[in-house]
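The next block holds one structure in the form of structure tokens; read it before the comments.
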Amino acid sequence: MLIDSHAHLDSERYAEDRAAMLARAFDAGVGTVLAIGIGEQAGGMHRALDVCREFKGQPNVPRLYASAGVYPHNTPEIDDGVLAQLDGLLAEPEVIACGEIGLDYYHEGAAHDTQRRGLMQQLEIAAARNRPILIHCRPEDGATDAWDDLFLVLDEIWRPTGLGGIMHCFGGNWEQARRSLDMGFLLSFAGNLTYPKAQPLRDVAARLPLEGVLVETDAPWLAPMPNRGKRNEPAWVLHTALVLAEVLGVEAEEIALATTKNFFRLFDLRADVGNW
Ligand SMILES: [Zn+2]
């Protein structure tokens with residue numbers, strides 16, 4: 001069994017075939033998917049939970065959990081209403097994580113200080129609700145700015161909670177990986193781990209302990225080889241898992257077992273929560 005730790009199941013791009021897409025994941029051995037609730041805009045952050053509930057109790061569908069959070073470039077939309085919505089969602093049993101939240105200095109969008117303030121506001125709510133966080137961190141090309149700012153915030157506000165989280169679509173260097181693990185984070189690898197030019201990332205992954213890794217699709221984006229460029233879906237997390245197994249020099253079954261154990265340990269999940 002594999003877990004896709006990050007998929008945007010509420011994406012419009014699954015409007016026509018969401019049930020069939022989830023059935024393909026189940027048939028491919030994906031037992032659990034964490035549906036990311038950021039919507040197109042902050043107000044749509046409930047949609048991952050909606051998908052989770054829509055498929056509750058249905059056969060031949062992976063177990064679904066949801067997250068909720070305001071994406072870095074949507075932080076200008078944060079007001080009291082958005083924060084109250086987030087707080088209410090994090091109180092729901094299926095909403096096991098706050099995210100994806102973080103800092104994105106790569107794309108044009110929200111001012112950096114607006115992103116940092118939005119991140120800090122959400123960390124406060126996640127801490128009060130005892131929910132681990134899903135971090136999106138993307139520096140400018142060749143820079144470490146976003147990581148440096150992120151660790152400043154997390155060291156001060158998040159480390160004391162001991163709740164940890166996931167560095168989603170990890171693309172950092174060894175130092176950033178080490179600091180993340182040290183703070184109780186898991187590093188989740190997406191399809192870009194399989195790309196020909198990603199050898200530096202594979203070199204970082206090769207040094208990681210099995211207890212610190214996860215795999216994800218970030219579907220509908222970032223399809224792994226050999227499906228690069230297509231609409232991604234959770235069934236394809238297998239391709240990334242196979243590359244991670246090769247990089248770490250272990251059998252595919254070991255990666256499946258370790259990532260599943262890591263996911264359930266981080267979220268302290270019981271069997272009676274989720275869509276089963
Ligand atoms: Zn994402």
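The values are calculated or read from the model by the stated rules, or taken from the named source; none is laboratory data. Bear in mind the structure is a predicted one, so any value in this text is a computation, not a measurement. A quick note on method: Cβ atoms are made from the backbone with ideal geometry, for glycine too, and the neighbour counts reach across all protein chains shown.
Give region 86-96 a look and list any residue that's outside any loop (DSSP other than H, G, I, E, B) and either touching a helix residue (DSSP H, G or I) at 6+ places or on another chain (Cβ under 7 Å) or at positive phi (or both), or say none. I'd like the intermediate steps shown before the answer.
At the first step, the residues of region 86-96 found to be outside any loop (DSSP other than H, G, I, E, B) are 86-90, 95-96.
Of everything in region 86-96, those that are outside any loop (DSSP other than H, G, I, E, B) and either touching a helix residue (DSSP H, G or I) at 6+ places or on another chain (Cβ under 7 Å) or at positive phi (or both) turn out to be Leu86, Asp87, Leu89, Leu90, Val95, Ile96.
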Quiz item: Just for region 230-276: of the residues that are at pLDDT 95 or above and part of a loop (DSSP other than H, G, I, E, B), which one is surrounded by the most Cβ atoms within 10 Å (Cβ to Cβ)?
Solution: Glu233
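Out of curiosity, is Pro220 surrounded by 15 or more Cβ atoms within 10 Å (Cβ to Cβ) and in contact with a helix residue (DSSP H, G or I) (Cβ under 8 Å, 6 or more places away or on another chain)? Steps first, answer last, please.
On the way: surrounded by 15 or more Cβ atoms within 10 Å (Cβ to Cβ): yes; in contact with a helix residue (DSSP H, G or I) (Cβ under 8 Å, 6 or more places away or on another chain): yes.
Spelling it out, Pro220 is indeed surrounded by 15 or more Cβ atoms within 10 Å (Cβ to Cβ) and in contact with a helix residue (DSSP H, G or I) (Cβ under 8 Å, 6 or more places away or on another chain).
Could you please find all residues in region 14-48 being within 16 Å of the ligand (Cβ to nearest atom), over 21 Å from Arg231 (Cβ atoms) and not in a loop (DSSP other than H, G, I, E, B)?
Across region 14-48, the qualifying residue is only Ala42.
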Quiz item: In region 106-144, what residues are closer than 21 Å to Phe185 by Cα, in contact with a strand residue (DSSP E or B) (Cβ under 7 Å, 6 or more places away or on another chain) and part of a loop (DSSP other than H, G, I, E, B)?
Solution: Arg131, Pro132
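Right, Gly69: buried (at least 23 other Cβ atoms within 10 Å of the Cβ), in contact (Cβ under 8 Å) with a residue 40 or more places away in the chain and not aromatic (Phe, Trp, Tyr) or not?
On the way: buried (at least 23 other Cβ atoms within 10 Å of the Cβ): yes; in contact (Cβ under 8 Å) with a residue 40 or more places away in the chain: yes; not aromatic (Phe, Trp, Tyr): yes.
Answer is yes for this residue.
Listed here are the residues, each with its yes/no results for (1) within 19 Å of the chain's Cα centre (by Cα); (2) modelled with pLDDT under 95; (3) away from the ligand (no atom under 16 Å from the Cβ); (4) surrounded by fewer than 18 Cβ atoms within 10 Å (Cβ to Cβ).
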position: Ala111; (1), (2), (3), (4): no, no, yes, yes
position: Leu123; (1), (2), (3), (4): yes, no, yes, no
position: Ala127; (1), (2), (3), (4): yes, no, yes, yes
position: Ile135; (1), (2), (3), (4): yes, no, no, no
position: Asp148; (1), (2), (3), (4): no, no, yes, yes
position: Ile166; (1), (2), (3), (4): yes, no, no, no
position: Gly171; (1), (2), (3), (4): yes, no, no, no
position: Asp182; (1), (2), (3), (4): yes, no, yes, yes
Practice problem: Output the number of the condition that Pro76 fails; it satisfies all remaining conditions of (1) out of contact with any helix residue (DSSP H, G or I) (no Cβ under 6 Å at 6 or more places or on another chain); (2) in a helix (DSSP H, G or I). | Solution: (1)
